[in-house]
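Dropping the structure in here first, questions after.
The values are calculated or read from the model by the stated rules, or taken from the named source; none is laboratory data. Computed from a predicted structure; not experimentally measured. With ideal geometry, Cβ positions are generated from the backbone for all residues, glycine too; neighbour counts draw on all protein chains shown. The protein model used for the area step is the full one, side chains on, heavy atoms only, and it has no ligands, DNA or RNA in it. Shrake-Rupley method; radii C 1.70, N 1.55, O 1.52, S 1.80 Å.
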Amino acid sequence: MTPDIDRLRNARDALSDIADGLELELVDDPNWAEPSDVSYLNEQDRANPDIMANVDAMAATNRLIAWFARDSEGFVGLWRGPENKPLLEAPIVRLDSEGQYSIVAKSVGDYLAISADDDSFDDTRERLVAAGFTVRESPDAIWAAVDTEEAAANQHRHTLYNEGRVKRGLEPITY
(Lines give C-alpha, C1' and ligand atoms only; values in the text may rest on other atoms or scores of the structure.)
Protein backbone atom coordinates (compact mmCIF):
# COMPACT_ATOMS: atom_id res chain seq x y z
CA MET A 1 0.00 0.00 0.00
CA THR A 2 2.59 2.60 1.12
CA PRO A 3 6.19 2.32 2.32
CA ASP A 4 5.11 3.33 5.85
CA ILE A 5 2.45 0.64 6.04
CA ASP A 6 4.95 -1.92 4.71
CA ARG A 7 7.43 -0.62 7.29
CA LEU A 8 4.81 -1.09 10.01
CA ARG A 9 4.14 -4.66 8.91
CA ASN A 10 7.86 -5.46 8.79
CA ALA A 11 8.60 -3.81 12.16
CA ARG A 12 5.55 -5.31 13.87
CA ASP A 13 7.63 -7.50 16.20
CA ALA A 14 10.02 -4.71 17.17
CA LEU A 15 7.12 -2.32 17.78
CA SER A 16 4.73 -4.89 19.25
CA ASP A 17 4.32 -3.07 22.56
CA ILE A 18 3.29 0.12 20.70
CA ALA A 19 0.90 -1.79 18.44
CA ASP A 20 -0.46 -3.82 21.36
CA GLY A 21 -1.06 -0.65 23.38
CA LEU A 22 -3.21 0.65 20.51
CA GLU A 23 -4.86 -2.76 20.08
CA LEU A 24 -3.74 -2.38 16.47
CA GLU A 25 -4.86 -5.04 14.01
CA LEU A 26 -3.48 -4.59 10.51
CA VAL A 27 -5.68 -5.33 7.51
CA ASP A 28 -4.44 -6.43 4.10
CA ASP A 29 -7.40 -5.06 2.15
CA PRO A 30 -7.65 -1.32 1.36
CA ASN A 31 -11.25 -1.95 0.22
CA TRP A 32 -12.09 -3.71 3.50
CA ALA A 33 -15.87 -3.99 3.78
CA GLU A 34 -16.20 -4.15 7.56
CA PRO A 35 -16.25 -0.35 8.13
CA SER A 36 -19.32 -0.21 5.86
CA ASP A 37 -21.09 -3.22 7.37
CA VAL A 38 -24.78 -2.54 8.07
CA SER A 39 -25.90 -6.08 8.77
CA TYR A 40 -27.07 -4.90 12.19
CA LEU A 41 -29.88 -2.84 10.60
CA ASN A 42 -33.36 -4.29 10.84
CA GLU A 43 -36.28 -3.82 8.42
CA GLN A 44 -37.56 -0.80 10.31
CA ASP A 45 -34.11 0.85 10.18
CA ARG A 46 -33.86 0.17 6.45
CA ALA A 47 -37.24 1.84 5.92
CA ASN A 48 -36.09 4.98 7.74
CA PRO A 49 -34.96 7.58 5.13
CA ASP A 50 -32.72 9.38 7.63
CA ILE A 51 -30.86 6.21 8.57
CA MET A 52 -30.46 5.18 4.94
CA ALA A 53 -29.20 8.64 3.95
CA ASN A 54 -26.49 8.20 6.59
CA VAL A 55 -25.72 4.62 5.51
CA ASP A 56 -25.29 5.73 1.89
CA ALA A 57 -23.16 8.74 2.91
CA MET A 58 -20.89 6.58 5.04
CA ALA A 59 -20.52 3.94 2.32
CA ALA A 60 -19.57 6.63 -0.21
CA THR A 61 -17.14 8.22 2.25
CA ASN A 62 -15.61 4.83 3.08
CA ARG A 63 -14.88 4.26 -0.62
CA LEU A 64 -12.52 7.26 -0.39
CA ILE A 65 -10.47 5.58 2.33
CA ALA A 66 -7.78 2.94 1.88
CA TRP A 67 -8.20 0.97 5.12
CA PHE A 68 -5.16 -0.56 6.75
CA ALA A 69 -6.06 -1.23 10.39
CA ARG A 70 -8.41 -1.25 13.31
CA ASP A 71 -7.36 0.11 16.68
CA SER A 72 -9.04 0.45 20.07
CA GLU A 73 -10.92 3.54 18.86
CA GLY A 74 -12.12 2.42 15.45
CA PHE A 75 -11.12 1.76 11.85
CA VAL A 76 -7.97 3.41 10.46
CA GLY A 77 -7.09 4.25 6.88
CA LEU A 78 -5.64 6.70 4.40
CA TRP A 79 -8.04 9.51 3.47
CA ARG A 80 -7.83 9.96 -0.30
CA GLY A 81 -10.86 12.20 -0.24
CA PRO A 82 -12.97 13.28 -3.20
CA GLU A 83 -9.84 14.69 -4.84
CA ASN A 84 -8.37 11.13 -4.86
CA LYS A 85 -5.05 12.02 -3.25
CA PRO A 86 -2.20 9.65 -3.97
CA LEU A 87 -1.79 7.25 -1.04
CA LEU A 88 1.64 8.69 -0.25
CA GLU A 89 0.01 12.09 0.38
CA ALA A 90 -3.13 10.85 2.13
CA PRO A 91 -3.48 11.64 5.85
CA ILE A 92 -4.57 9.08 8.42
CA VAL A 93 -8.30 8.99 9.12
CA ARG A 94 -10.17 7.17 11.86
CA LEU A 95 -13.81 6.11 11.79
CA ASP A 96 -14.83 5.75 15.42
CA SER A 97 -17.52 3.59 16.97
CA GLU A 98 -19.97 6.52 16.87
CA GLY A 99 -19.66 6.81 13.08
CA GLN A 100 -17.53 9.96 13.20
CA TYR A 101 -14.49 10.48 11.00
CA SER A 102 -11.44 12.47 12.00
CA ILE A 103 -8.05 13.07 10.46
CA VAL A 104 -5.67 12.03 13.24
CA ALA A 105 -2.23 12.41 11.64
CA LYS A 106 -0.41 13.19 8.42
CA SER A 107 1.63 9.96 8.43
CA VAL A 108 1.70 6.47 9.89
CA GLY A 109 4.63 7.45 12.12
CA ASP A 110 2.73 10.45 13.48
CA TYR A 111 -0.38 8.29 13.97
CA LEU A 112 1.53 5.71 16.00
CA ALA A 113 3.30 8.36 18.07
CA ILE A 114 0.20 10.46 18.83
CA SER A 115 -1.88 7.38 19.66
CA ALA A 116 0.60 6.14 22.25
CA ASP A 117 0.66 7.30 25.87
CA ASP A 118 1.55 11.00 26.13
CA ASP A 119 4.09 10.30 28.87
CA SER A 120 6.06 8.04 26.56
CA PHE A 121 5.90 10.23 23.44
CA ASP A 122 9.65 10.93 23.29
CA ASP A 123 10.59 7.27 23.72
CA THR A 124 7.93 6.14 21.23
CA ARG A 125 9.07 8.76 18.73
CA GLU A 126 12.69 7.70 19.09
CA ARG A 127 11.83 4.04 18.48
CA LEU A 128 9.64 4.89 15.48
CA VAL A 129 12.37 7.05 13.93
CA ALA A 130 14.88 4.23 14.51
CA ALA A 131 12.49 1.91 12.65
CA GLY A 132 12.50 4.30 9.67
CA PHE A 133 9.35 6.34 10.26
CA THR A 134 9.22 10.11 10.00
CA VAL A 135 7.63 11.53 13.16
CA ARG A 136 7.07 15.17 14.05
CA GLU A 137 8.91 16.45 17.11
CA SER A 138 5.95 16.80 19.48
CA PRO A 139 2.26 16.02 19.94
CA ASP A 140 1.51 19.71 19.37
CA ALA A 141 3.33 19.58 16.02
CA ILE A 142 1.36 16.50 14.99
CA TRP A 143 -1.98 18.13 15.86
CA ALA A 144 -0.97 21.41 14.20
CA ALA A 145 -0.21 19.51 10.98
CA VAL A 146 -3.77 18.18 10.78
CA ASP A 147 -5.56 21.18 12.28
CA THR A 148 -7.00 22.48 9.02
CA GLU A 149 -7.97 19.00 7.76
CA GLU A 150 -9.17 17.35 10.96
CA ALA A 151 -12.85 17.39 10.02
CA ALA A 152 -12.48 16.91 6.24
CA ALA A 153 -13.80 13.34 6.07
CA ASN A 154 -16.63 14.08 8.50
CA GLN A 155 -17.60 17.19 6.52
CA HIS A 156 -17.64 15.15 3.32
CA ARG A 157 -19.91 12.54 4.92
CA HIS A 158 -22.16 15.30 6.26
CA THR A 159 -22.52 16.85 2.79
CA LEU A 160 -23.43 13.48 1.26
CA TYR A 161 -25.80 12.77 4.16
CA ASN A 162 -27.69 16.02 3.58
CA GLU A 163 -27.85 15.37 -0.16
CA GLY A 164 -29.31 11.96 0.63
CA ARG A 165 -31.82 13.46 3.05
CA VAL A 166 -33.02 15.95 0.43
CA LYS A 167 -33.35 13.17 -2.21
CA ARG A 168 -35.50 11.27 0.28
CA GLY A 169 -37.75 14.27 0.94
CA LEU A 170 -36.18 15.28 4.27
CA GLU A 171 -34.80 18.66 5.30
CA PRO A 172 -31.01 19.02 5.46
CA ILE A 173 -29.47 19.19 8.93
CA THR A 174 -27.14 22.03 9.86
CA TYR A 175 -24.59 21.77 12.62
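With every protein chain left in place, what is the accessible area of Trp143 in Å² (1.4 Å probe, nearest 10)?
The accessible area of Trp143 comes to roughly 110 Å².
Per the Debye formula with a single identical scatterer at each Cα and no solvent contribution, what log10 I(q)/I(0) holds for the range 67-125 at q = 0.29 Å⁻¹?
-1.20
Give me the accessible area of Asp117, 1.4 Å probe, in Å² rounded to the nearest 10.
We get 90 Å² for Asp117.
So, one more: Ignoring ligands, DNA and RNA, what accessible area per residue does the range 70-116 give at 1.4 Å, in Å²? Show your work: numbers first, answer last.
Numbers: 1760 Å² over 47 residues.
Each residue of the range 70-116 exposes 37 Å² on average to a 1.4 Å probe.
Starting from the Cα of Asn48, step 7 Å along the direction of its Cβ; do the same at Asp119; then give the gap between the two resulting points in nm.
The answer from the label model is 4.2 nm.
From the protein chains alone at 1.4 Å, what is the descending order of accessible area for Glu43, Glu163, Glu171, largest first?
On the way: Glu43 165, Glu163 95, Glu171 140 Å².
Heavy-atom accessible area, descending, gives Glu43, Glu171, Glu163.
Applying a 10 Å radius around every beta-carbon, put 83-92, 56-65 in order of their mean neighbour count, most first.
With the highest mean Cβ count within 10 Å placed first, the list reads 56-65, 83-92.
Compute the length gained on full extension between Arg12 and Asp140: take 0.36 nm times their separation in residues and subtract their Cα-Cα distance, giving the result in nm to one decimal.
Details: separation 128, 0.36 × 128 = 46.08 nm, distance 2.59 nm.
Answer, rounded to one decimal: 43.5 nm.
Take the eigenvalues of the Cα gyration tensor for the chain, scale each by 5, and report the square roots as semi-axes in whole Å, largest first.
Working: eigenvalues 207, 54, 37 Å².
One finds semi-axes of 32, 17, 14 Å for the chain.
Which value at 222 nm does the chain reach when only helices count, each DSSP H run of 4 or more adding -39,500 (n - 2.57), with the total divided by all residues and rounded to the nearest 500 deg cm²/dmol? Working shown, then result.
Values: 8 runs with 75 residues, N = 175.
Using -39500 (n - 2.57) per qualifying helix, the result is -12500 deg cm²/dmol.
Given R₀ = 30 Å, what would the calculated FRET efficiency be for Arg168 paired with Glu83, taking r from the Cβ atoms and rounding to 0.05?
Details: r = 27 Å, r/R0 = 0.90.
Rounded to the nearest 0.05, the efficiency is 0.65.
Give me the accessible area of Val27, 1.4 Å probe, in Å² rounded to the nearest 10.
About 20 Å², rounded to the nearest 10.
Net charge near Glu89: determine it from the other residues with C-beta under 13 Å of the C-beta of Glu89, scoring Lys and Arg +1 and Asp and Glu -1. It would help to have the intermediate numbers written out before the result.
Working: positive: Arg80, Lys85, Lys106; negative: Asp4, Glu83, Glu149.
Every neighbour counted, the sum reads 0.
Kirkwood Rh over alpha-carbon pairs of the range 119-175, then Stokes-Einstein at 20 °C and 1.002 mPa s: what D in µm² s⁻¹, rounded to an integer? Don't jump to the answer; show the numbers that get you there.
Values: Rh = 14.4 Å.
Calculated translational D: 149 µm²/s.
Let me ask another. Rounded to the nearest 10 degrees, what's the angle between the helix 152-167 long axis and the longest principal axis of the chain, both from Cα atoms, 0 to 90?
The angle comes out near 10 degrees.
Shifting gears a bit: Starting from the eigenvalues of the Cα gyration tensor, five times each then square-rooted, give me the equivalent ellipsoid semi-axes of the range 32-88, largest first, whole Å. Each step should come with its number before you reach the end.
On the way: eigenvalues 122, 42, 10 Å².
Values for the range 32-88, descending: 25, 14, 7 Å.
Might you report the magnitude of the Cβ-based charge dipole of the range 1-137 about its Cα centre, with Lys and Arg at +1 and Asp and Glu at -1, to the nearest 20 debye? Provide the component values of the computation, followed by the final result.
Details: 13 positive and 29 negative charges, 131 e Å.
Roughly 620 debye for the range 1-137.
Please report, as a whole percent, how much of the solvent-accessible surface of the chain comes from carbon and sulfur atoms (probe radius 1.4 Å). Write down the numbers at each step before the final one.
Working: 4280 of 9380 Å².
Carbon and sulfur atoms account for 46 percent of the accessible area of the chain.
Within the range 76-100, find all residues whose amide N lies under 20 Å from a label point positioned 7 Å from the Cα of Ala151 along Cα-to-beta-carbon.
Counting only backbone N, you get 79-83, 91-100.
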